[in-house]
Amino acid sequence: LEFGSLADEIARQPEYQRALKLAHARGSLLTPAKLMNLYLLLRFGLPQLDAGDIVEFGSYKGGSAIFMASLLRDFGSKARVHALDTYAGMPDTDAVRDLHRAGDFADTSLDEFRRTIARAKLEDVALPRKGLFHDSFPGLAAQGLRIALAHVDCDIYEGVKYAIEASRPLMVPAGYIVFDDPLHGSCLGAMQAIEETLLHEDRLHAEQMYPQPVYRYPPA
């Protein structure tokens, strides 16, 4: 994506265009390169998608979640996107590690997101779950969840660390953990959580750092 004409080729794909329109309608903050990278992972990098679902930790207005849901439908996958968020802004944060503060990103609406999902006829694919991760995720995991891709977009140390630790036991073989935030200057806590878990505990190396950090778990 960083070099050559691949981005232009992706931009011409009709399924990408449809998904991008939905993402823009929900005000996605992901850069075009990050959305394109998710497109590539869903289309080529996850043949095991039907063995697991996508879990998004931090959805804000739902732009990237509905983007991925639209692609899953167009690719004929049986996987679903579980979009976890407070849908009310950031919870309390750690002033030592995080530059974001409680209440950031509060300009969102779960009802509006659900209406967008319904208009796109994606009710069976895009599944929002409201609440803090440690409240909303255990019930989902108890339903026999398997994760093919964890998209971690929650900016702060506690959220990222929880997402990693909760996802690891449920990953399908060689599933992906994708991070949106840790290379941003306002998200140093997110990088610390990655370093403590995937780097120091698991000794994993990223498969990508551009346009976002991507890890394969368990290691291929």
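The figures follow:
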item: Choice from Leu122, Leu84, Leu149 with maximal GNM fluctuation in the chain (Cα, 10 Å cutoff); result: Leu122
item: Evaluated over the range 45-117, the Cα radius of gyration and Dmax, each in Å; result: 14.7, 45
item: Contact order relative to length of the range 66-166, as percent, for alpha carbon pairs under 8 angstrom and 6 or more apart; result: 31 percent
item: Cα-centre dipole for the chain with unit charges at Cβ (Lys and Arg positive, Asp and Glu negative), debye to 20; result: 840 debye
item: Sum of -39500 (n - 2.57) over DSSP H runs of 4+, divided by residues of the chain (222 nm, nearest 500); result: -10000 deg cm²/dmol
item: Length-normalised contact order for the chain - Cα pairs under 8 Å, 6+ apart - percent; result: 20 percent
item: Sequence ranges 186-192, 174-180, 201-207, 65-71, ranked by mean other-Cβ count within 10 angstrom, highest first; result: 65-71, 174-180, 186-192, 201-207
item: Global geometry of the range 83-184, whether rounded, prolate or oblate, following the gyration tensor of its Cα atoms and the 1.5 cut on a/c; result: oblate
item: Accessible area per residue in Å² at 1.4 Å probe, computed on the range 106-148; result: 56 Å²
item: Among the listed pairs Lys21/Lys121; Lys78/Lys161; Lys21/Lys130; Lys34/Lys61; Lys61/Lys130, those beyond 20 Å (Cα-Cα); result: Lys78/Lys161; Lys21/Lys130
item: Prolate/oblate/rounded label for the range 3-91 (Cα gyration tensor, a/c 1.5); result: oblate
item: Sulfur and carbon atoms: percent of accessible area, the chain [1.4 Å]; result: 53 percent
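The values are calculated or read from the model by the stated rules, or taken from the named source; none is laboratory data. Just so it is clear, the structure is predicted and the values come from calculations on it, not from any experiment. Quick reminder, even Gly has a Cβ in these numbers, built from the backbone with ideal geometry, and neighbours come from all protein chains shown. Quick note on the areas: whole protein, heavy atoms, side chains included, nothing else; ligands and nucleic acids left out. Shrake-Rupley method; radii C 1.70, N 1.55, O 1.52, S 1.80 Å.
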